1. Based on what the data block shows, is residue 120 touching a Leu at 6+ places or on another chain (Cβ under 9 Å), modelled with pLDDT of 80 or more and over 22 Å from residue 220 (Cβ atoms)?
2. Any residue in segment 69-97 that's at pLDDT below 85: show its pairings with residues that are surrounded by 14 or more Cβ atoms within 10 Å (Cβ to Cβ) and among the hydroxyl-bearing types (Ser, Thr, Tyr) at Cβ separation under 7 Å, as long as the two are six or more apart or on different chains.
3. Would you point out which residue out of 158, 105, 169, 134 is among the basic types (Lys, Arg) and touching a strand residue (DSSP E or B) at 6+ places or on another chain (Cβ under 6 Å)?
4. Name, by its number, the condition in (1) surrounded by fewer than 19 Cβ atoms within 10 Å (Cβ to Cβ); (2) at pLDDT 85 or above; (3) farther than 30 Å from residue 91 by Cβ; (4) among the β-branched types (Val, Ile, Thr) that does not hold for residue 220.
5. Kindly evaluate residue 182 against the criterion of being open to solvent by 50 Å² or more (accessible area, probe 1.4 Å), under 23 Å from residue 78 (Cβ atoms) and touching a Ser or Thr at 6+ places or on another chain (Cβ under 7 Å).
6. Can you tell me which of (1) surrounded by 16 or more Cβ atoms within 10 Å (Cβ to Cβ); (2) part of a loop (DSSP other than H, G, I, E, B); (3) free of Cβ contacts under 8 Å to residues at least 60 places away in the same chain; (4) of a type outside the set (Ser, Thr, Tyr) is the one residue 448 doesn't meet?
7. With the requirement that a residue be basic (Lys, Arg) and in a loop (DSSP other than H, G, I, E, B), what does segment 141-159 give you?
8. I'd like to check something: does segment 12-26 contain any residue that is assigned to a loop (DSSP other than H, G, I, E, B) and either at pLDDT 85 or above or not hydrophobic (A, V, I, L, M, F, W, C) (or both)?
Amino acid sequence: MMLFPLPQAVRRKVSTVIALILSPRGVLVSGLVLLLFSWGLCASVLIKSRHDAYEHAVENARNVMLLIERDIARNIELYDLSLQNVVDGISDPQVMSLPAPIRNRVLFDRASHGNYLGSLFVIDPQGNIVLDSRATPPRQGNFADRDYFAVHRDGKVRGLYISKPYASRLRHGALTIALSRRITRPDGSFGGIVVGTLSIDYFRALLDGIAVGKRGAAVIVEDNGALVCRLPFDPRLVGLDLRKGTMFTKAMTDREGVLAGPALIDGVRRIFVFRHLAELPLIVNVAPAESDVYAPWKRRATWLMVLMGIFTAIIASGSLLLSRELRRRQIAESKLYRLAHTDSLTGLDNRGTFDAALAKETQRANRSGRPLSVLFFDVDLFKRYNDYYGHQAGDEVLRALARCASRCLRRPDDHVARYGGEEFVVTLPETDARGALDVAESIRRAIVDLNIEHAQSPYGRVTVSIGTATRAAGAAIDETTLVKLADEALYQAKSSGRNRVSEAGHCETGA
């Protein structure tokens, strides 16, 4: 089969286009077009990927929110049934005529004894407890001042009422919300209320079981703006008024929705996925942080940009990567140096650095014949402090003591280091015994003045015992002996009652 030859004019045009493409300028233009196409394709992929990350985050938040909603609705429904059972029971003369133990068993079912649930109370029209699900006779108390009593007394609510969070007087200040129902007499008048308490710890445990990302949050808030619980949990935020928040304003106009923006509490930008709980005055909000949502996308985008950069300018990219690698190496070496010479907890020099500094000062003192002093001090009864307050509090004490001791040293050559555990050591070049005692006493007083509570100490606060040792002018002594003498003086201070300064061979009381 013969092919029809192209017309001469068409062949000339095709040849002209090919020549233009293969020319130096044509290659540049073709390369630019290819790069523009590649960058455009890359941008479209990134935009789609970012949108997918947003949709995935919203979908996950909705699923988590649904689980929270079902759990809360189920538990409150069960608890409300217990309240209704009491309301119905106290209206029945036969039930109320039963002996108190049997009557309480009939009125208060086992649902009221579940986890995080407090007692059920029947409260008379004056606000006094008349029946108590967990005590016979009932505990005494008047709750006419509570909102959950006033709204029923004033007829502002029909059915179940969920109160604002409050500190329970009967549960030693535990954060609580109350669920209450009105008792209506046969003539329609106010006959008191039935109220049960639900610990905020229930909502805390519920939210603690979900994953919202490193900087994400989850909030349960009442439709009056009072914050019930938040993840991450902070008891100081319970009851906070959120009515000025953008999310709450939006939630009051829509039953559910999605909103992106900064949070009212901490200013972190989040994607707020909220929903009103059906037939309950509660709003659940699950809000992953935008930084968490887009972190994987940012990593992919970074690598894609790097690859595109290599594709467009491999030499420049190679130079940039090499420079960055060298910078990373310098940072790593700097970190290693700091780790080798610094105590990570207190920021002071570590024992190895102290040993080197003391050896240098000892040699210099032996050459010059000038005095050299060493202070050895540790925290009194520190193990008891850790056992009582916890190791995290103990670490804070060590940091505070390190800062305090550093402030007490005025001269550039004075040196303080962490020797190990709760022990610290101070090197004082060209300082005689009197001067060492003065510095030690100033450190001891300054630490006492920090007024850090120590319930296990006879002084009621954190104190230190300090031992001092001095290489007198003209005497030769090595650094090991000097530290040993200071340590022995410290032991003497401990044996003499603690919170005092003791000199090697002497003892000065500073308590």
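1. Spelling it out, residue 120 is indeed touching a Leu at 6+ places or on another chain (Cβ under 9 Å), modelled with pLDDT of 80 or more and over 22 Å from residue 220 (Cβ atoms).
2. 82/112
3. 134
4. Only one criterion in (1) surrounded by fewer than 19 Cβ atoms within 10 Å (Cβ to Cβ); (2) at pLDDT 85 or above; (3) farther than 30 Å from residue 91 by Cβ; (4) among the β-branched types (Val, Ile, Thr) is unmet by residue 220, namely (1).
5. no
6. (2)
7. 146, 156, 158
8. So far as segment 12-26 goes, yes, one or more of its residues are assigned to a loop (DSSP other than H, G, I, E, B) and either at pLDDT 85 or above or not hydrophobic (A, V, I, L, M, F, W, C) (or both).
The values are calculated or read from the model by the stated rules, or taken from the named source; none is laboratory data. Quick caveat: nothing in here was measured; it's all calculated off a predicted structure. Because the Cβ atoms are built from the backbone with ideal geometry, glycine has one as well, and the counts that use them run over all protein chains shown. These accessible areas exclude ligands, DNA and RNA; they are computed on the full protein's heavy atoms, side chains included. Shrake-Rupley method; radii C 1.70, N 1.55, O 1.52, S 1.80 Å.
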